[in-house]
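The structure appears right after this line, and notes come after that.
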Amino acid sequence: MSHPLYVAFIWHQHQPLYKSQILHPDFSGQYRLPWVRLHGTKDYLDLLLLLERYPQLHQTVNLVPSLILQLEDYAAGLAIDPYLALALSPEDRLNDKQKQYILQHFFDGNHHTLINPHPRYRELYEQRQEKGTSWCLANWTDQDYGDLLAWHNLAWIDPLFWDDPDIAGWLKQGKNFTLSDRQGIYAKQKEIIARIIPQHREMQDAGQLEITTTPYTHPILPLLADTNSGRVTIPNLKLPQQRFQWVEDIPRHLRKAKQIYLERFKCEPRGLWPSEQAVSPEILPYIAREGFQWICSDEAVLGWTLNHLFCRDEVGNLYEPELLYRPYRLETSHGDLAIVFRDHRLSDLIGFTYGAMEPRRAASDLIGHLEAIARSLKPRQAGVSARSLQQPWLVTIALDGENCWEYYQQDGLPFLETLYQLLSRDRNIQLVSIAEFLERFPPTKTIAANKLHTGSWVNGNLTTWIGTPAKNQAWNLLAEARQVLANHPEATETNNPEAWSALYAAEGSDWFWWFGEGHSSNQDDMFDQLFREHLSAIYHSLNEPVPSQLYNPVETHQLKKEHLPESFIHPIIDGIGDEQDWDKAGRIEINGARGTMHCNGHVQRLFYGLDHLNFYLRLDFKVGGIPGQDLPSELRLLWFYPGITKHNSPMTLAGLPAREPSNYLFHHHLGINLLTESIWLEEAGENYFWHSKSTGAKMAFNQCLELAVPWADLDIEPDYPLQLVTVLADDGKFRSYLPENDWVRLQAP
């Protein structure tokens, strides 16, 4: 029997519990942040309404229970967050503190896609960026604030709803918004949010959608069972002083999730998305006992489980596709579970890269990868013709269903519409839900439950949520509060629901995600505060004194001058150095560093980062510097690939210091003439010769230098490490390294 390539999209919709039980004088209402409301008007309903136009395309959506409850609060008008409270305030009654808050936070969002398309919103943003907050406070009128309060809410309404007469009217109006207008926008937000859960239920009942759930407040189940599980992959990982072992909390989260699901969808959930796709052998019996039929995780977890390193070719296709693109059976003491593992790269392309591409090109690229997977699977079928797929292979693409669209044109509408149009015409690719695939094609391969690797979607380990001082301190605080609750056996979920609700909220994964190195946002201090408020609420509910450390931040939240890359970036190469484009990039301060090479201060800082398309570099030169006069005239980038056998050649610059890294050999050399803005690329060959090579690199030199170098130019396989040295030169003569005596270290995506 011949099969199409089966593809399962799983969209994960999640927000932590922003609702606090602690009343705070600085915040209106109990909701501390607005992201449920804003994503509720931009990302949850439109995804389904667009899919509904293509009924033959089936998908899976995961709704986290903590998100469902908050959506219902907003739909009923029971949720007030600080942003909403300000938007519904008369602009002539705003005090200076409120105005500062508005200027700081009401431009939250990607300005390329959410702000720039709207002239009035863009005008206000540019004033804040170019003239500064102090100027705005001194010169803005009440109407300026009124317009900003309106536009922050309007811009977060998905373009799919722009044909609504009221919304179309506000968009056309553009400015001079009144309090009545803002009240109308809020009413429209509630109207959109109220449709989200019913639309999911309707499409599941129609058979086009499978809805799954997650443990109640999105906790990391392996760490609830035992924080020592963090050492499975990293044996020397530093753990919290207090070991957290409350495995009995796992069934509580699962039962509450199942109850919320049954009440909304009138049927039992079949699939469970383990929070952060984090799994371990210890949690499987609890999941099976609650009646779940399947779970999902990441390809890195499968690789560790099979003791197999998944490798890809230069365009990202797996060398052993038959291992990933199938479900597996897990045998537990409470019955079997099926498990699917997502294709990490395809999921990341949608989540982090396609937003920077032209929508049709991005959609075609994704389908091209799926077609390549089908071609690679055909010869892997033993004893059958390679002309067709004789086995039911399943490609799982699973990712965050809300945050990525902020970086797409029109919130992803052109990309998804093109993708669905192309897929609806493709007879060789069939979109399915996980449950319907498993019903037709149960797993034929088994993984012993005790052999399942303990890890998550991030590098196949748990270090994103444990192991640094701040994360470990958070676990210590949680362990102390959990023990206090255990010391009150009379406090049950029936007679003291406040204490248990606060515990569940504090056990969520999000707080640990934001603590420590690796992730930061404009709201780090609020995530810290919310975590401590949830813990404080446990003590309040038990009439216990709140520990003094809960009144102080877990960590100091300061803008770090130097840091490693925090995420993929997609900067526009125009030489402007947009701070939002580069805020997740690696950053190295140059001016004032040790060593005489930096005394002239040509470069103040260096930024670097990547996505699946390009390597990116930005140099901030001293203000007013002119190449060839007070700045060097050339920039040279030289790449070395440790552990990879390639031809390598030395730098071809005069006056090189007789020390590292001058005496290293390199494989690629990219040069930029800052006077003419010309670019050339060379690749090392035999006998230390450099050979010219065509390049698709782009650069712009205006307020700073920005550079994008395609990975295709460097011709290295995915996941390989690379080291880069940057050199300033004049007419082929060495001037300085950036940074001195060090490399820029990265790993290809």
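The values are calculated or read from the model by the stated rules, or taken from the named source; none is laboratory data. Predicted, not measured: the structure shown is a model, and the values here were computed from it. Quick reminder, even Gly has a Cβ in these numbers, built from the backbone with ideal geometry, and neighbours come from all protein chains shown.
So if I check each of G577, G586, G624, which one is within 28 Å of P657 (Cβ to Cβ) and at pLDDT below 95?
G586
List the number of the failed condition for W11; all other conditions in (1) over 19 Å from the mean Cα position of the chain (by Cα); (2) closer than 30 Å to N428 by Cα; (3) not in a loop (DSSP other than H, G, I, E, B) hold.
Result: W11 passes all but (1).
Filter region 725-742 down to residues that are surrounded by 19 or more Cβ atoms within 10 Å (Cβ to Cβ) and within 15 Å of R587 (Cβ to Cβ) and give me whichever is modelled with the lowest pLDDT.
It comes out as P739.
Taking strands (runs of 3 or more DSSP E) that do not extend beyond region 643-708, which have at least 1 residues that are farther than 19 Å from L746 by Cα and touching a Ser or Thr at 6+ places or on another chain (Cβ under 8 Å)? Quick ask: steps written out before the conclusion?
Numbers: elements: 668-673, 678-684, 690-693, 698-701.
Result: 668-673, 678-684, 690-693.
Name the single residue that is farthest from Q483 (Cα to Cα) among those in region 176-230 being part of a loop (DSSP other than H, G, I, E, B) and touching a Phe, Trp or Tyr at 6+ places or on another chain (Cβ under 8 Å).
For region 176-230, the residue satisfying everything is F177.
How many residues does region 542-578 contain that are out of contact with any strand residue (DSSP E or B) (no Cβ under 7 Å at 6 or more places or on another chain) and not in a loop (DSSP other than H, G, I, E, B)?
Qualifying residue count, region 542-578: 4.
Please go through region 424-450 and pick out each residue that is assigned to a helix (DSSP H, G or I) and over 28 Å from S567 (Cβ atoms). Before you say what the answer is, go through the steps one by one.
Here is the first cut: in region 424-450, the ones assigned to a helix (DSSP H, G or I) are 424, 434-440, 449-450.
Correct list: S424, A435, E436, F437, L438, E439, R440, A449, N450.
Please indicate, with yes or no, whether at least one residue in region 247-266 is farther than 20 Å from E72 by Cβ, surrounded by 21 or more Cβ atoms within 10 Å (Cβ to Cβ) and of a type in the set (K, R).
Among the residues of region 247-266, not one is farther than 20 Å from E72 by Cβ, surrounded by 21 or more Cβ atoms within 10 Å (Cβ to Cβ) and of a type in the set (K, R), which makes the answer no.
Restricting to region 437-492, name every residue that is within 30 Å of F568 (Cβ to Cβ) and of a type in the set (K, R). If you could, list the steps in order and put the result at the bottom.
Start the filter on region 437-492 by keeping residues that are within 30 Å of F568 (Cβ to Cβ), which leaves 437, 452-475.
Hit for region 437-492 is K471, nothing else.
Anything in region 184-219 that is among the polar types (S, T, N, Q) and more than 19 Å from Q259 (Cα to Cα)? List them, or say none.
Correct list: Q189, Q199, Q208.
I'm trying to understand the selection: among the residues of region 267-279, which are surrounded by fewer than 22 Cβ atoms within 10 Å (Cβ to Cβ) and touching a Gly at 6+ places or on another chain (Cβ under 8 Å)?
If the condition is that a residue be surrounded by fewer than 22 Cβ atoms within 10 Å (Cβ to Cβ) and touching a Gly at 6+ places or on another chain (Cβ under 8 Å), then E268 is the only one that fits.
Need pairs with beta-carbon distance below 6 Å; first residue assigned by TED's automatic domain parsing to the domain that holds I283 and within region 295-313, second acidic (D, E); sequence gap 6+ or separate chains.
F310/E299
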